[in-house]
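One structure is given below, encoded as structure tokens.
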Amino acid sequence: MADAADPAADQNPKDAGSRVPEPWAGADGEFAEEEYEYEDEEELDEPAAAALQREKVQSVFRRLSTDPVGIRVHDVIIRGNAKTRDELIEAEVADLLRSATTVQDLLSAAADASARLRGLDVFEAVNITLDSGPPELPGTTNVVIEVVEPAIPLSGNAGVYSKPEAKAWSVEGAVKWKNLAGYADIWDASVAYGFDQTTEVGVGVSLPRFKSIPTPLMARASLLSQDWMKFSSYKERILGLSLGLLSTRHHDLSYNLTWRTLTDPSRLASTSIRRQLGHNLLSALKYTYKIDERDSHIRPTKGYAFLSSSQVGGLWDNKGLKFFRQEFDVRAAVPFGFWNVALNVGLGAGVVLPLARGFMNSSTPVTDRFNLGGHNSPVCSLGGISSLLGFRTRGVGPTEPRRLVPGESEDGSPAVPGRDYLGGDLAVSAFADLSFDLPLKVLRDAGIHGHAFLTAGNLAKLSEGQYKNFSLDEFRRSFRSTAGIGIILPTKLFRVEVNYCYILKQSQHDSGKTGIQFSFSSP
């Protein structure tokens with residue numbers, strides 16, 4: 001029986017074992033006899049018989065490496081799946097295996113099939129072997145798929161995480177139950193509690209395929225509470241249902257139904273924020289196209305990536321919150337060929353427009369606008385507008401003064417409590433990041449490296465008639481920018497950065513600061 005699960009077997013067939021299965025013979029069942037004639041092996045001593053067997057095997061492998069060898073899959077046999085349904089495994093890989101017409105194609109298909117089954121994330125091990133077909137059907141093979149299911153399908157994790165930009169901590173935990181119904185279904189529940197009063201609870205299920213539906217399905221319900229009082233004078237509470245309608249390697253289509261509540265306990269919110277307080281039901285359809293050919297998400301040194309995200313919100317008209325949101329993100333990594341130096345560059349752009357009657361004079365939802373700032377690395381994330389290092393979360397863009405309240409001051413005038421950051425309807429961001437190895441070997445072995453970076457970005461408001469005041473030249477001149485250097489400590493789960501950020505340009509009401517900044521980013 002020859003192992004076909006390892007792709008290396010196609011490149012170096014000698015590693016596959018010494019036994020050559022009969023389906024590798026020619027259509028007449030006389031594969032080796034045409035070129036070689038041997039004496040009866042029973043008359044040879046043990047060393048000679050072993051040498052003869054090796055020569056036979058090598059002759060088969062020589063033919064496999066030079067000429068296609070025809071073969072036909074007679075049957076696909078599945079073993080070890082005590083819980084997983086046969087039809088699921090067959091739907092994932094049977095057509096792929098049966099489409100092979102040569103031994104070389106079948107070995108490649110078996111490797112791809114093994115990767116598909118492992119990608120279901122419900123098997124501890126997958127092994128695919130090729131066995132001889134029925135004696136009366138020469139030139140055929142049986143493909144045997146052996147899977148190992150986990151003894152305990154339940155798994156979980158928990159941890160305490162920091163948010164440097166908010167100077168806060170959160171406790172997070174998640175539990176997964178795999179293959180409950182035998183369709184490779186994964187049920188999960190998660191909870192996160194932030195000491196900055198951010199809480200999230202969610203439950204969901206995902207299936208790689210169901211019955212005759214060829215694409216993965218996903219459903220998730222969640223409850224999220226966020227406190228944006230410090231930045232924009234409102235608290236947000238979201239009860240949502242998300243349905244994954246299409247999910248492939250490059251395409252993703254989802255539908256989201258959200259009951260959203262915005263409140264202002266302080267009663268100090270600006271006029272623009274007060275207009276959007278209250279309840280609303282938002283339904284949205286979102287399509288994402290994504291290509292990511294970079295060699296790493298933590299430290300890319302070559303490759304490129306592209307993402308396009310389109311969203312139509314307010315499919316059910318409620319409070320006039322209909323809008324269209326479009327984002328683009330382009331990344332590229334170029335190696336220099338020495339000291340592991342690589343240049344990463346990225347450009348992101350996005351626009352959100354209201355779709356109500358007289359749309360350019362209408363408002364867009366403040367929660368769906370773009371925001372710049374934050375401490376996340378722009379290199380890791382691929383999702384549209386990147387962060388702007390050196391600036392506080394939501395610390396860039398249009399602002400509006402909060403409500404004036406009576407207060408005691410030296411001149412007796414009302415105290416001004418601050419300004420609300422409103423976000424932008426048009427956003428552009430860009431970055432350049434030059435990474436390099438550090439001179440100490442102990443640091444290089446640990447993956448610790450340095451980088452120098454430049455980030456820039458800008459926001460503008462177009463809704464509520466503000467498009468009349470928009471000037472492309474003024475938008476270009478008012479770009480905020482930051483330069484800096486830092487040390488990066490990559491781990492398997494996230495990327496830690498210690499950066500010195502120098503603000504090159506900021507506007508009057510922006511919240512940026514030159515100095516040391518810590519960043520924790522997930523790929």
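The values are calculated or read from the model by the stated rules, or taken from the named source; none is laboratory data. Note that this is a predicted model, so its numbers are computed, not measured. Neighbour counts run over all protein chains shown; Cβ positions are idealised from the backbone, glycine included. These area figures cover heavy atoms from the full protein model, side chains too; ligands, DNA and RNA do not enter into them. Shrake-Rupley method; radii C 1.70, N 1.55, O 1.52, S 1.80 Å.
Data table
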quantity	calculated
TYR193 accessible area, assembled protein chains, probe 1.4 Å, Å²	110 Å²
Amide proton proximity set for SER132, modelled H, under 5 Å, gap of 5+	GLU22, ASN142
Residue-wise HN-Hα coupling along segment 242-256, computed from phi with Karplus coefficients 6.51, -1.76, 1.60 (Hz; x: Gly, Pro)	10, 10, x, 8, 8, 8, 10, 4, 10, 10, 8, 10, 9, 10, 10
Residue pairs, from the table LYS176/LYS441; LYS56/LYS83; LYS176/LYS322; LYS235/LYS513, whose Cα atoms sit over 30 Å apart	LYS176/LYS441; LYS56/LYS83; LYS176/LYS322
Peptides ranked, highest mean first, by Cβ atoms within 10 Å: ranges 450-460, 99-109, 503-513	450-460, 99-109, 503-513
Residues with amide H under 5 Å from that of TRP228, placed H, sequence gap 5 or more	TYR234, LYS235, GLU236
Residue-level accessible surface for SER266, protein heavy atoms, 1.4 Å, Å²	50 Å²
Segment 426-468 - percent of accessible surface contributed by carbon and sulfur, probe 1.4 Å	67 percent
For GLU55, solvent-accessible area (1.4 Å; no DNA, RNA or ligand), Å²	80 Å²
For segment 287-303, Karplus couplings with θ = phi - 60° (6.51, -1.76, 1.60), whole Hz, Gly/Pro x	10, 10, 10, 9, 10, 9, 10, 6, 7, 7, 8, 7, 9, x, 10, 7, x
J(HN,Hα) series, segment 84-97, from Karplus relation 6.51 cos²θ - 1.76 cosθ + 1.60, nearest Hz, glycine and proline x	6, 6, 4, 5, 5, 5, 5, 5, 6, 10, 4, 4, 4, 6
Solvent exposure of segment 264-344 as accessible area per residue, Å², 1.4 Å probe	51 Å²
Highest average packing first - 441-449, 119-127, Cβ atoms within 10 Å	119-127, 441-449
